[in-house]
Amino acid sequence: MEQNIEIMKNASVSEREEIIVDFARWLETTSQDALVYGEGRFALMSANLAQAIRANADDLARDTPETAARLLQQACAMISQFKATYPYRVLSRSIH
């Protein structure tokens, strides 16, 4: 993930937007995993950040790549923090 942030500096606008949307997807996945583990507050924060990133991906990629890089670093830190707390990914989310 950190590599993608570095790549953004030399990427075109469309490539930057794609990287930003990828981070939003990773946050959404982390949010779903957090719900499975009973971390409702973290799931809500991750989902809200993902939604904000996705809604503003075009503007972030086009106008403010430095701000986008800082935002993605924060998202990366959130995902890393969750993975450090819960290192084993849930394989099934079925509820009976």
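General remarks:
- When residue 73 is tested against (1) in contact (Cβ under 8 Å) with a residue 60 or more places away in the chain; (2) touching a Ser or Thr at 6+ places or on another chain (Cβ under 7 Å), exactly one condition is not met: (2).
- Leading residue by the ranking (farthest from the chain's Cα centre (by Cα)) among those in the range 47-68 that are touching a residue at least 24 places away in the same chain (Cβ under 8 Å) and surrounded by fewer than 18 Cβ atoms within 10 Å (Cβ to Cβ): 62
- For the range 1-27, a residue qualifies if it is within 12 Å of residue 78 (Cβ to Cβ) and open to solvent by 40 Å² or more (accessible area, probe 1.4 Å), and the qualifying residues are 1, 26.
- Filtering the range 31-46 to residues that are more than 20 Å from residue 73 (Cβ to Cβ) and open to solvent by less than 30 Å² (accessible area, probe 1.4 Å) leaves 33, 43.
- Within the range 20-46, the set of residues being over 17 Å from residue 82 (Cα atoms) and either of a type in the set (Gly, Ala, Ser) or more than 10 Å from the chain's Cα centre (by Cα) (or both) is empty.
- For residue 89, the requirement of being open to solvent by 90 Å² or more (accessible area, probe 1.4 Å) and either in contact (Cβ under 8 Å) with a residue 12 or more places away in the chain or aliphatic (A, V, I, L, M) (or both) is met.
The values are calculated or read from the model by the stated rules, or taken from the named source; none is laboratory data. Just so we're clear, the structure is a prediction, and the values are computed from it rather than from any experiment. Neighbour counts are summed over all protein chains in view; Cβ atoms, including those assigned to glycine, are modelled from backbone coordinates with ideal geometry. In case anyone asks, the SASA skips ligands and DNA or RNA and just uses the protein heavy atoms, side chains included. Shrake-Rupley method; radii C 1.70, N 1.55, O 1.52, S 1.80 Å.
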